[in-house]
Each structure stands twice: as C-alpha cells, then as structure tokens.
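The values are calculated or read from the model by the stated rules, or taken from the named source; none is laboratory data. What you see is a predicted model, and the numbers here were worked out from it, not measured in a lab. As a convention, Cβ positions derive from the backbone with ideal geometry for all residues, glycine included, and neighbour counts pool all protein chains shown. Heads up: the accessible areas ignore ligands, DNA and RNA and are worked out on the full protein's heavy atoms, side chains in. Shrake-Rupley method; radii C 1.70, N 1.55, O 1.52, S 1.80 Å.
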Amino acid sequence: MPLVKNGQIVADEFAAVADDAELPAAGSVLISAARFLADPDSLAARNSPLGVIWPNNRDVAELKPWLDRLALIALVFPTYKDGRAHSQARRLREIYGYRGELRATGQVLRDQFTFLVRNGFDALDVRKEADAHAFGEATHRYTEFYQPTGDGHRSALQLRRQRHLTSAS
Amino acid sequence: MYAYDDIDRAIVHERVDEFRDQVRRRLSGELTEDEFKPLRLMNGVYLQLHAYMFRVAIPYGTLSSDQLRKLAHVARTYDRGYGHFTTRQNIQFNWIALKDLPDALADLAEVGIHAMQTSGNCTRNVTADQWAGVAPGEIEDPRVWAEILRQHTALHPEFSFLPRKFKFAITASDHDRAAIKIHDIGLKLVRNDAGDTGFEVLVGGGLGRSPFIGRTIKPFVAGRDILSYIEAILRVYNQYGRRDNIYKARIKILVHELGIEKFAAEVEQAWSEIADGPLTLDDEMIEDIRSRFVYPAYEELPAEPDELRAAAGDARFEAWRANSVAPHRQDGYAIVTLSLKPAGGAPGDATAEQMDAVADLADKYSFGEIRVGHEQNLVLPHVARRDLPALWAALDGLGLATPNVGLVSDIIACPGLDYCSLANARSIPIAQELSRRFANPDTAALIGRLHINISGCINACGHHHVGHIGILGVEKNGEEFYQITIGGRADEGAELGVLIGPAVPYGDVADVIEDIVEAYLSLRQRPDELFVDAVKRLGVEPFKERVYATR
Ligand code: HEM
Ligand code: SF4
C-alpha cells in the first residue's frame, strides 16, 4: 500500500517486526504496543528510530512518558467507519504535544484525507493506489473550516473574530 | 434568520463539489456500495424501498421564503412534486435519482441549504424550539447557539465517524417544544445567579429499541465553554461508545451502563484537557453570529385590531384561531402554525404548489420567514394580528388551515411501510384513518390536547414512546400488528409511555384508539384535565380494561 507522507508518495523506511521475531540491530522498526509496553525504557533507548502500532481501544495517555523518544506512532482504522483513532490523534498532537510521525493505517481512503490531516496525521498508509495519487486534490477541496484543530488553519469563528476586530479598530 | 457569509457559502459549495465527485466515483464503479454508503448517508441519501431518499437539513427549523421556494423547485424538478417534513426538522424527498442529487444539492446551495450530516454516524442536524426568538419569556434566542453548534459540528474532522448517530436539541423556554430530553445531548439556556447565560446540559436521551429520558450531566456550563464541554462529551463517547453491537452503540447505552456519575467524571477528565483552549468562545465570536441573525422591524400594533373583531363572528375562523394562533413576544403579533395534517392526509406532506404559496404568504405576512416544527407542521413566526383573518382565508384555500393543531388528529407519523425499508408495518394509512375518525372539530375540541405518535418499527422515528398515545407497528406471522402505549410525553416533563396490553391487528387500531379516547372522556376529572394527566393519575388499568374487555 502506498505511503503518503507530508503530501508525497514515499517509501516506508520503517520495517514492521512481528512480536515473535528478533529486532534487527539497526534500522527503523515498527512494533506492537504490547511489545513496546513490555520493555519500554530499553526499547526507547535503542539507537535507531522506533515506531509503535497503537490499537484504537487503548488510552494514548499511556504513551505520555515516551513520546519524545518515539519516531512514529501508527494509529489504526480497522474499518473507516470506526473513528476512534481520530480522537487519539488529536489528543497525541494537541494535548500531549507529540511531534514525531503520526501515521494512519488500515482502511485509509480518499474521502477521509482532509479529516486525517486536520487531526494531525502527517503520514497515511493509503488503501488504494488511485487514492494516494489523488491526495492533493482530496486535501485541497476545502478552503475554509468551521472547527479549530491543531493544524494551524484558522476556524471560521476565529477568522470572523479577526475581521470583526480589524473593522472595529 | 441567519445570513450566510462568504465562509459559510464556500463550505456549502465545496461540499457539493465533493459529493458530486463521490457520486461520480460511485457511478463509475470506483467506489463500492459499501464504501459509498457512509459517504452518501453523511449527505442525507438513503437507499429506500423504492428509490433513493434525500433528506435535507433545516437547521433549527428556520427557513426563508427563498429557501422554501427552492425546496419546492427540488420537489418539482427532481422528485414527484411533493416533500415530506419530518420530526427532525428536515424535509425528505422520496423519489430522487442518484445522478440528479448533485444538481439538486447545487440548486439548494444557492440559497444556503445543504444536506450535510442529516444521516450517518455523525453529529446530525441541530434542532431547536420552532418558536425560538419569538416565544414570550425566552432567556434569549437559542438559534444563535444552535447556529454556533451547527457550524462546529458540520464536517467535524474528529466526530464524523462516531459509534452511532448523534443528535442535539436546544431550547430557551421553560416549556420545552424541542423535546430536549429525548436527544443525545439536550441543551437548555439558563441564567445563573450572577446573571450569566449558560446551559443546563442533558445527555443520554433517545428513543429507538431502548428508549431513555436524558439526564442532567451538568446544571450550568457557561456559554463561552459550551463547545469545549460538548467536545469532551463527544470525545468520551467516540472512545468508549460500543462499536461491537449497533443496537448498543448510542450514547444513551454508554451513559446507562456507566451510570451518569461515572460518565460525568469521564467527561470532566476529558474536559480538563481542553477547557480554556481554542474552543473557548469569546464575546466577539458570539456577537458575530448574533449579529447575522436578522430580526423583523416590528410595528407598534394594537393587540385587538378591528380586523380580528370583525372576523370573530366566523365560527370556522375562530376554531382555527383557537389552536393555530399563539402569543408572540411582540404585542400585536402572533405565531401561526400551519397544519400539514388535513383529514385523510399523510402527516407532514406538502406539495410544491403549497410550498410556493406558503413562501408567498410568508413574504406577505411573516417577514419572509417560515419555521418547521418537530410535530411536522409549518409555522409563520411573525404575523401581525390584524392580518390573521386574511391569512386564514388564504391558508384555507390551500388546505393548510385544518383547525387541529395540538389536537387528536395532529398526528406525528413516520413513513412506515409505504417508503421505509426497515418498516414492519404501515404508519401513514393508520394516521390517515385516525385523522378521518377525529375530523369533527367539535369532538376534537372536546377532547383537548392529545398527541398521537406512530412508528412503523422499533426505531421510533415517529417518537411513539413519547406520544400521549403511541402506536408501534410490529410484525407477527407476516401480518401487521400494533402495540399501544399511553402516557408518554416529550415536553419538559418527558416520560415514556406504558404498554396497555397485547398488540392489536391493523384493522382494529382506529377502534382501539377511539375506545381509549372515550374512556378518557368518561374518566377525566374536569374538562381541562389533559389526557396524559388523566393517565398519570389513573394508571393504564382503566384504559386497558376498556380496550381489552370486549376483544
Ligand atoms: C425513511 C427512512 C428512515 C430510516 C431508514 C430511518 C432509520 C432510523 C433508525 C435505524 C433509527 C434508530 C436509530 C437508533 O436507535 O440507533 C431511527 C431513529 C429515528 N428516526 Fe429515523 N429513519 C427514517 C426516516 C425518519 C423520518 C421520516 C423521521 C421523522 C419523521 C425520522 C426520525 C427519527 C427519530 C426522531 C428517531 C429516534 C431518535 C432517537 O432514538 O433518539 N426518521 N431512524
Ligand atoms: S420508525 Fe421504522 S418504519 Fe418508521 S421510518 Fe423509522 S425506521 Fe422506518
């Protein structure tokens, strides 16, 4: 499946490693939450980039102590109708200040791209090739948004407030 | 009326383009029906028994005359010349072709109407008291807040894939006409001791298979905090709402399973993470929305104009006036309800010609404004009392002056087996039969206020649980049967009705309802004891006895 990162189709530098497989000595790896939580401190101290696949029914607050040492958190959309990972993403980015790669995996389709990007995902493991190519078109459809999120885009209320203040002064 | 600005217009038009693209991909096979379904639902498109059904939002039930004319245009151009107003302050078109939907939406977008999130597992159209802004004694116009909520919940990136549908209703009156206690979140505008405006927040109400009356989760949330507080509720629900079982996925089940205290504690925790953040409203933001609600320039008019006095001798006018005309906050004006419940009609249906004519009457007599209420009637919110006789004469000619508002034939009914793919039984023909039986205005006046609600299946789209008399279609061995409940209500004293006994066959329903009404007439203490109040006092037994003794 194509990986779109910051708007570009890129090769995945992370190698997914199964729970029962040995971790390579070097290179970027992606492991399960269970494996990570069994020994987080030594894993986080590893010298190469580390990523964790976080299930959508587990509280992301558990990751707080290690956020600055994780290079990637992959959140899961088992079906695209299951929006739990949207809330997890916003909490990671906006409340806990996570700055590493935030990747959407699973049923990731074109029609959610805008939502995903607004919620703080910067990498999307896209289900369909054609969707990955349509990334630019799909994420530029909307020029205005009603809600403030951590994506830096001003919400309608904020924009109007600014106009209001400008016209009053 | 709320006036759209360039931001609102951009979003609505961009949404139409997005949907046009989605329909194109569906028609070309790029999207499977499975992938398309949640997308079309989020735009109000259902696949029904006979065709696609298209549900258009009427946020907080307010329409301009131009908007109503555009709805008439859609009915005429893309459908079969009529539309159906629903309990969700929506209008539904039953016969629209998928390929025409983008054009219909584009036409509606010209006047600032959309179908965003009228269905699907997202935050739905925000409903409000249909008398908002004109009812005497309101704290303030709740539509300002309903609009803030509409905007905040429209295309919300985090809450577009919730466990289940999510509905808000809002009122600013002590008398609740918005049924806030049967919504996922109900909001009541209140003022605290310091004189600040805020909200009593209720959560976990809802009907369907497991009906619940909403509970107060917080007695006062300041206006500035309302978005962050609601966001916290939704975040808890998104995370912990059950996704393993569609029948247990609504927030009411989560609240019920956790208990309101524990649920409230979860919400407090989630709120502590975001309170005082970017969602906090300030006065400029609220003022900006408030400033775009345009109110009529009322005149100083007499409360009892000559025109009214002259018409008082006309018994038909007086019968209509007695139940269709309500007091207005402005002296000399009235709120007028237009009954979409003619004897023998399908509740809530309006033809394109009627819609156009109502739009013209709104221009002439109601500053170009119309409301849609959850009882499936229309309202002209600002009618000068001197114009009432002329308005009545015009409505009478259109078949919109049936003098039954609030009475026994003002029936709420879902589409049932005539349109709905989920139905077990018919709803509309039952409503039609009952409305014929109770067509005599004198009998209806004698009975007084009595709400009958009919649903064609357990999903409760016709609010049967909270009807004074509720009628629920069930299926037994391939035949239509109906369960009857009594004593429900959807107002500030909301209660769920109580079943009176075994379900009755289709052919008996109207007789049974007549029996119940006759029992009430003989059992009530005084002529002004409402049916629901009599049921409350007496319990279901005497009614049950009357119905089943001879069957
Ligand atoms: C015609 C197609 C329709 C379909 C397929 C449909 C489907 C459903 C379903 C499945 C539910 C139950 C949801 C749940 O409890 O989780 C429901 C509830 C409801 N629907 Fe409909 N509906 C339709 C039309 C309508 C109409 C025409 C109205 C208004 C007259 C309406 C208003 C409602 C209301 C008020 C509820 C109960 C809300 C609650 O439980 O809080 N629906 N509908
Ligand atoms: S109550 Fe049942 S039959 Fe009636 S509209 Fe809702 S889903 Fe259809």
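Observations, loosely collected:
- In region B:89-181, chymotrypsin sites (Phe, Trp or Tyr not before Pro) in a DSSP loop with at most 15 other beta-carbon atoms within 10 Å: none
- Protection proxy ranking of B:243-252, B:67-76, B:105-114 - average other beta-carbon atoms within 10 Å, highest first: B:67-76, B:105-114, B:243-252
- DSSP assigns beta bridges within the protein assembly as shown; of those with both partners inside it, close to 65 percent run antiparallel.
- Cysteines in chain B that, by Cβ-Cβ distance, have no pairing candidate under 4.7 Å: B:Cys122, B:Cys420, B:Cys457
- Take each peptide in B:268-275, B:149-156, count the other Cβ atoms within 10 Å of every residue, and average; sorted highest first, the result is B:149-156, B:268-275.
- Anisotropy class of region B:253-334 from Cα gyration tensor, a/c 1.5 cut: oblate
- Solvent-accessible surface of chain A, taken per residue with a 1.4 Å probe and all protein chains present: 44 Å².
- Residues B:Lys99 and A:Ala71, FRET efficiency given R0 of 41 Å [Cβ-Cβ distance, rounded to 0.05]: 0.30
- Three-way shape call for chain B based on the alpha-carbon gyration tensor, with the a/c threshold at 1.5: rounded
- Using the Cβ-Cβ distance between B:Arg242 and A:Lys128 with R0 set to 25 Å, the FRET efficiency works out to roughly 0.25.
- Shielding by partners, peptide A:105-114 (average Cβ within 10 angstrom, other chains): 3
- Mean Cβ neighbour count within 10 Å, used as a protection proxy, ranking B:11-24, B:220-233 highest first: B:220-233, B:11-24
- Approximating the spin labels as points 7 Å out from Cα along Cα→Cβ, the B:Glu284-to-B:Ala390 distance works out to 4.6 nm.
- Average beta-carbon neighbours from other chains, 10 Å sphere, peptide B:229-236: 1
- Paramagnetic reach from B:Ala106 in region B:1-26 [backbone N under 19 Å; point 7 Å along Cα→Cβ]: B:9-26
- Inter-label distance for B:Glu268 and B:Ala303, nm, one decimal - labels placed 7 Å from Cα along Cα-to-Cβ: 4.7
- Cα gyration tensor shape for the protein assembly as shown, rounded if a/c is under 1.5, else prolate or oblate: prolate
- Counting only protein heavy atoms and a probe of 1.4 Å, the accessible surface of chain B is 51% carbon and sulfur.
- Computed from protein heavy atoms with a 1.4 Å probe, the total accessible area buried between A and B is close to 4200 Å².
- Taking Cβ atoms as reference points and 14 Å as the exclusive limit, the residues near B:Ser366 contribute a net charge of -2, counting Lys and Arg as +1 and Asp and Glu as -1.
- Along each principal axis, Cα extent of chain A, largest first, Å: 63, 37, 27
- Set A:Lys64/A:Lys128; B:Lys165/B:Lys188; A:Lys5/B:Lys37; B:Lys70/B:Lys99; B:Lys70/B:Lys165; B:Lys218/B:Lys252 screened for pairs whose C-alpha atoms are more than 25 Å apart: A:Lys64/A:Lys128; A:Lys5/B:Lys37; B:Lys70/B:Lys165
- Estimated FRET transfer efficiency when R0 is 56 angstrom, pair A:Ala38-B:Leu538 (beta carbons, to 0.05): 0.30
- Modelled label positions at B:Asp508 and B:Ser421, each set 7 Å beyond Cα in the direction of Cβ, lie 3.4 nm from each other.
- Taking every residue in A:35-45 and counting other chain Cβ atoms within 10 Å of its Cβ, the average works out to 0.
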